[in-house]
1. Can you list the helices (runs of 4 or more DSSP H) lying wholly within the range 80-187 that have 3 or more residues being assigned by TED's automatic domain parsing to the domain that holds A27 and among the acidic types (D, E)?
2. Considering R65, R97, which residue is in contact with a helix residue (DSSP H, G or I) (Cβ under 9 Å, 6 or more places away or on another chain) and within 16 Å of ligand 2 (Cβ to nearest atom)?
3. Does A101 satisfy the criteria of being within 12 Å of ligand 1 (Cβ to nearest atom), over 17 Å from S174 (Cα atoms) and hydrophobic (A, V, I, L, M, F, W, C)?
4. Would you confirm whether or not the range 17-34 contains a residue that is away from ligand 2 (no atom under 16 Å from the Cβ) and among the aliphatic types (A, V, I, L, M)?
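The values are calculated or read from the model by the stated rules, or taken from the named source; none is laboratory data. From a predicted model like this one, the values you see are computed outputs, not experimental measurements. Heads up, the Cβs are rebuilt from the backbone with ideal geometry, glycines too, and the neighbour counts pull from every protein chain shown.
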Amino acid sequence: METMATQDHLQRVVQIARGFYARKDRAHDLEHALRVREWGKKLAEEEGADVIIIELAALLHDIGRSRAVEKTHAESSAGLAVNILHKTGYAEDIILRVKEAIISHSREAGHEPNTLEAKILYDADKLDFVGAIGLGRLFTMAGVQGWPLIGENSCETFYQEKICSYHNYLFTKSALAYFEPRFLYMEQFWQELHAERLKLSLFGQASSV
Ligand SMILES: [Fe+2]
Ligand SMILES: [Fe+2]
């Protein structure tokens with residue numbers, strides 16, 4: 001199946017994936033999948049994993065988000081990915097490994113990544129939720145969901161409950177090394193945001209004296 005792992009075939013998968021990513025959900029669009037693919041390639045190179053499995057899994061890992069018919073978006077994406085890869089002509093063993101990675105990129109339904117490729121896909125996906133890109137994605141989601149900046153059910157609570165938890169739940173050392181400086185940048189952003197709010201409240205107190 002060496003011949004299937006060509007740029008032409010990958011390009012076909014990119015074109016098919018493009019049609020599945022919802023235009024309204026810019027936090028989980030094709031650009032997200034392409035960034036996860038680049039992170040995945042980088043981590044695969046450093047961890048000695050099978051790049052083609054990771055590239056295919058990254059491109060297709062969120063295609064089921066807008067049309068989740070199974071329990072979780074990861075399960076829906078995995079089902080759709082299997083059909084796409086069959087139609088594109090990939091071998092059964094590649095398809096099964098891609099499926100396994102996609103199913104466990106989210107821990108929503110208790111699926112744990114067990115293969116190196118699945119662990120790398122999981123980590124690559126989380127690396128797209130830190131740093132300036134991570135903040136951009138967070139606020140993009142907030143615009144769709146109607147979340148305020150802080151308070152109950154807000155950007156800050158999503159950051160604290162989801163993104164902070166990723167810090168303690170990455171599988172590869174390579175990913176952790178990339179995650180940490182980007183996570184620090186986000187921490188500094190929230191500190192700055194609270195400092196600005198505090199200064200504004202002091203302006204208010206001063207003007208009411
Ligand atoms: Fe996902
Ligand atoms: Fe994702």
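1. Once the helices (runs of 4 or more DSSP H) in the range 80-187 are filtered for at least 3 residues that are assigned by TED's automatic domain parsing to the domain that holds A27 and among the acidic types (D, E), what remains is 92-103.
2. Exactly one of R65, R97 is in contact with a helix residue (DSSP H, G or I) (Cβ under 9 Å, 6 or more places away or on another chain) and within 16 Å of ligand 2 (Cβ to nearest atom), namely R65.
3. Here the answer is yes, as A101 does meet what is asked.
4. Checking the range 17-34: not a single residue is away from ligand 2 (no atom under 16 Å from the Cβ) and among the aliphatic types (A, V, I, L, M).
Table: residues versus (1) more than 16 Å from ligand 1 (Cβ to nearest atom); (2) surrounded by 15 or more Cβ atoms within 10 Å (Cβ to Cβ).
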{"site": "H111", "(1), (2)": "no, yes"}
{"site": "A118", "(1), (2)": "no, yes"}
{"site": "L135", "(1), (2)": "yes, yes"}
{"site": "G146", "(1), (2)": "yes, no"}
{"site": "L149", "(1), (2)": "yes, no"}
{"site": "T172", "(1), (2)": "yes, yes"}
{"site": "Y178", "(1), (2)": "yes, yes"}
{"site": "P181", "(1), (2)": "yes, no"}
{"site": "M186", "(1), (2)": "yes, yes"}
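Conditions tested, residue by residue: (1) touching a helix residue (DSSP H, G or I) at 6+ places or on another chain (Cβ under 8 Å); (2) surrounded by 21 or more Cβ atoms within 10 Å (Cβ to Cβ); (3) closer than 25 Å to A177 by Cα.
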position	(1), (2), (3)
E46	yes, no, yes
L60	yes, yes, no
K71	no, no, no
A74	yes, yes, no
S77	yes, yes, no
A81	yes, yes, no
D93	no, no, no
A101	yes, yes, yes
